[in-house]
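Beneath this line is the structure, given in structure tokens, with notes to follow.
The values are calculated or read from the model by the stated rules, or taken from the named source; none is laboratory data. Computed from a prediction, not measured in an experiment: that's the story for all the values here. Reconstructed Cβ throughout: ideal geometry from the backbone, glycine too, with neighbour counts over all protein chains shown. Heavy atoms of the whole protein, side chains included, go into the accessibility calculation; ligands, DNA and RNA do not. Shrake-Rupley method; radii C 1.70, N 1.55, O 1.52, S 1.80 Å.
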Protein chains: 2
Amino acid sequence: MIIDIHGHYTTEPQALHTFRDKQLAGLADSARKPGSTDLGISDETLVKSVEPQLKFQKERGGDLTIFSPRAGGMAHHVGTEAISREWTTICNDLIHRICTLLPDSFVGVGQLPQFPGVPPKNCIPELERIVNKLGFVGVNLNPDPSGGMWTDPPLIDKYWYPIYEKLCELDVPAMIHVSSSCNPNFHHTGAHYINGDTTAFMQLIQGNLFKDFPTLRFVIPHGGGAAPYHWGRYRGLAQDMKRPLLKDHLLKNVFFDTCVYHLPGIELLAKVIPVDNILFASEMVGAVKGIDPETGHHYDDTKRYVDLLRLGEKDREKIFEGNARRVYPRLDALLKKRKK
Amino acid sequence: MIIDIHGHYTTEPQALHTFRDKQLAGLADSARKPGSTDLGISDETLVKSVEPQLKFQKERGGDLTIFSPRAGGMAHHVGTEAISREWTTICNDLIHRICTLLPDSFVGVGQLPQFPGVPPKNCIPELERIVNKLGFVGVNLNPDPSGGMWTDPPLIDKYWYPIYEKLCELDVPAMIHVSSSCNPNFHHTGAHYINGDTTAFMQLIQGNLFKDFPTLRFVIPHGGGAAPYHWGRYRGLAQDMKRPLLKDHLLKNVFFDTCVYHLPGIELLAKVIPVDNILFASEMVGAVKGIDPETGHHYDDTKRYVDLLRLGEKDREKIFEGNARRVYPRLDALLKKRKK
């Protein structure tokens with residue numbers, strides 16, 4: 001079974017964007033607020049909207065995608081905490097409906113109603129709702145709700161602890177994923193995403209978070225940002241800081257996905273990071289949409305790169321399925337219930 | 001000949017740090033200002049201070065280091081523009097003295113008196129001084145003088161153009177190198193440095209800077225941040241943005257050093273980036289000081305990794321010497337004058 005742990009809903013119906021425009025217009029002119037949070041999107045429209053994902057999934061040989069709202073769309077820094085909360089509920093509910101309509105293709109992961117300067121503990125009710133009521137198997141946690149200003153405390157700060165306690169209690173992992181950037185220095189998917197991954201990874205080296213939360217699990221997307229390429233640097237920095245070896249300090253709790261869009265990058269990832277810490281993902285349909293003229297295939301058809309790795313079948317199965325079922329135990333339980 | 005294009009003066013005499021403390025203390029209490037900018041450091045003390053670098057250089061088989069002030073020490077965000085200017089002059093003068101005392105081992109590169117929110121054109125007099133009077137062959141340009149707040153415009157903004165005009169006129173390259181971070185989210189050498197590289201590279205993709213400055217040359221240090229590891233992503237983003245192929249869009253003007261502290265990283269760099277764009281460097285003595293228990297050698301002994309690459313002799317010579325002489329033509333002229 002091929003599980004893609006990183007897919008965002010990037011082909012949303014126009015009605016969602018129209019709602020968002022009205023919601024934000026309402027900040028300036030309350031007369032423009034949307035009349036209702038019911039978007040009037042039919043099941044048929046929803047199913048039709050994910051056809052691009054399903055087509056790619058089928059063509060590329062994927063079975064199941066862990067599906068969450070558009071990462072750039074979370075835009076936690078926009079508006080107010082109440083706006084973030086309303087928007088989050090709507091986005092998570094759409095994911096839930098798609099996963100209910102197409103349960104063999106999609107399993108849900110949610111966003112949280114974060115807002116810069118507002119304690120993450122305010123997100124606990126929504127985290128409980130999406131896991132307990134909507135059956136989501138994980139959550140995306142934004143390490144920089146300010147959208148490129150980086151004004152909130154680092155992930156190892158006690159500020160974040162209430163959300164970690166809840167993640168452990170619910171036994172769901174968090175993917176550490178920034179949203180869009182309002183800092184003109186940081187291109188959204190070309191700098192802010194990768195910097196977010198690298199920044200979070202280094203924060204984890206600096207802290208001792210997994211001593212306090214031994215069962216907490218983080219997925220660092222986009223192949224871990226710059227971390228695997230600079231693995232020697234990070235091993236060396238940890239050593240200079242008298243931290244344990246990275247495999248002991250972090251790798252029981254930190255996992256990397258395979259959203260690296262060329263073979264040499266995936267080869268490096270597999271060479272440097274233990275196979276138990278690598279989870280298959282493509283982030284399709286996402287940051288990079290084109291076809292690589294050097295291969296004739298889509299850049300984000302990452303299954304091809306993993307297929308090309310020299311790996312034993314057992315290791316390949318871990319990357320494509322086993323690790324996902326271990327890191328997302330609620331996914332495993334769901335699949336077992338379905339006799340998969 | 002082995003040229004290390006990226007070394008910082010990180011073993012400065014205590015007198016320099018004492019001066020800096022007094023200089024910054026003077027901001028709060030003018031009575032504490034240093035009495036003079038003459039640090040009273042003897043030639044003997046200067047030569048002694050770089051013994052660690054020279055020992056490593058010799059042991060590892062290097063010949064010449066392109067030497068600049070401590071990158072983290074530039075701290076452009078601290079104090080005032082006048083403080084930055086005074087500090088910069090002192091730091092550059094020390095580099096000049098070392099290069100004069102040990103001309104076979106060190107060639108100078110300078111820092112600039114940048115300050116957040118202050119136009120880079122204010123740095124032109126110091127740039128002219130270090131090149132024309134001190135004989136420096138390049139300069140470090142900080143893309144984020146705010147120290148992790150990223151409040152100045154991106155490198156492709158016209159804000160930076162006066163400094164680019166002068167760089168072209170003087171025919172010296174700039175290494176794009178951030179300084180220390182005052183943002184608690186960004187560990188200095190573990191996140192801010194690598195993010196700075198990645199951010200700058202993506203800005204260059206977004207812009208058309210080298211159309212306006214066809215002879216401008218940038219070195220992106222630390223192996224290009226995350227760019228080579230995500231080379232497929234960057235090729236794909238450029239393609240989606242209707243930019244030319246990266247080799248045409250950037251690689252006539254952008255170069256990467258080899259400050260990547262493990263063999264798999266250097267292997268990836270050499271696989272993905274054309275050999276003409278790779279310049280040997282170690283940043284020794286710098287961010288990572290320890291010995292890698294997996295190899296028994298210093299993490300930052302990057303010459304070992306380059307030696308281990310399967311390369312023809314001509315390509316190896318490019319990385320170790322030829323590319324440096326091409327990218328830093330004033331270095332080439334200097335070496336030719338010395339019959340090297």
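Observations, loosely collected:
- Each residue of segment A:296-306 was assigned a 3J(HN,Hα) from its phi angle through the Karplus curve 6.51 cos²θ - 1.76 cosθ + 1.60 (θ = phi - 60°); the sequence is x, 10, 4, 3, 8, 7, 6, 4, 4, 5, 5 Hz, with glycine and proline shown as x.
- Amide hydrogen neighbours beyond the local backbone of residue B:108, cut-off 5 Å, H modeled: B:67, B:137
- Distance from segment B:278-340 to segment B:63-137 (C-alpha centre basis), Å: 22
- Cα gyration tensor shape of segment B:114-164, rounded if a/c is under 1.5, else prolate or oblate by comparing a/b with b/c: prolate
- Shape of segment A:217-340 from the C-alpha gyration tensor: oblate (a/c of 1.5 or more and a/b not above b/c, with a ≥ b ≥ c the square roots of its eigenvalues).
- Shape analysis of segment A:17-156 places it in the oblate category; the axes a ≥ b ≥ c from the Cα gyration tensor give an a/c of at least 1.5, with a/b not above b/c.
- For the pair B and A, the buried accessible area comes to roughly 4700 Å² in total, with a 1.4 Å probe and the value rounded to the nearest 100.
- Ascending distances from the residue A:294 label point to its copies in the other chains, with the point 7 Å along the Cα-to-beta-carbon line: 2.3 nm.
- Binned Cα-Cα distances of segment B:291-340, short to long, each 10 Å bin given as a whole percent: 22, 35, 30, 11, 1
- Amide H contacts for residue B:279 (H built 1.01 Å from N in the peptide plane; partners 5 or more residues away or on another chain; cut-off under 5 Å): B:256, B:257, B:258.
- Listed residues B:273, A:124 arranged by accessible area, highest first, probe 1.4 Å: A:124, B:273
- About its Cα centre, chain B has a charge dipole of approximately 700 debye under the convention of +1 per Lys or Arg Cβ and -1 per Asp or Glu Cβ, with nothing else charged.
- Rounded to the nearest 20 debye, dipole of the protein assembly as shown from Cβ charges on Lys, Arg, Asp, Glu: 620
- Relative contact order [Cα under 8 Å, 6+ residues apart], chain B, whole percent: 17
- Considering all different alpha carbon pairs of segment A:15-55, the Kirkwood hydrodynamic radius works out to 11.5 Å.
- Shortest first, residue A:168 label-point distances to identical copies amount to 5.8 nm, with the label point at 7 Å from Cα along Cα→Cβ.
- Computed over Cα pairs, the Kirkwood radius of the protein assembly as shown leads via Stokes-Einstein (1.306 mPa s, 10 °C) to a diffusion coefficient of 61 µm² per second.
- The convex hull defined by the C-alpha atoms of chain B has an orientation-averaged projected area of 16.9 nm².
- Amide N proximity, segment A:58-74 versus residue A:307 label position 7 Å along Cα-to-Cβ, cut-off under 20 Å: A:58-66
- Projecting the Cα atoms of A:226, A:263, A:311 onto the charge dipole of segment A:215-318, computed from C-beta unit charges around the Cα centre, puts A:226 farthest toward the positive end.
- Across peptide A:286-294, the average count of Cβ atoms from other chains found within 10 Å of a residue's Cβ is 4.
- Peptide A:198-205 has a mean shielding of 6, counted as Cβ atoms of other protein chains within 10 Å of each residue's Cβ.
- Charged-residue dipole, Cβ positions (Lys, Arg, Asp, Glu), segment A:60-129 about Cα centre, Debye nearest 20: 120
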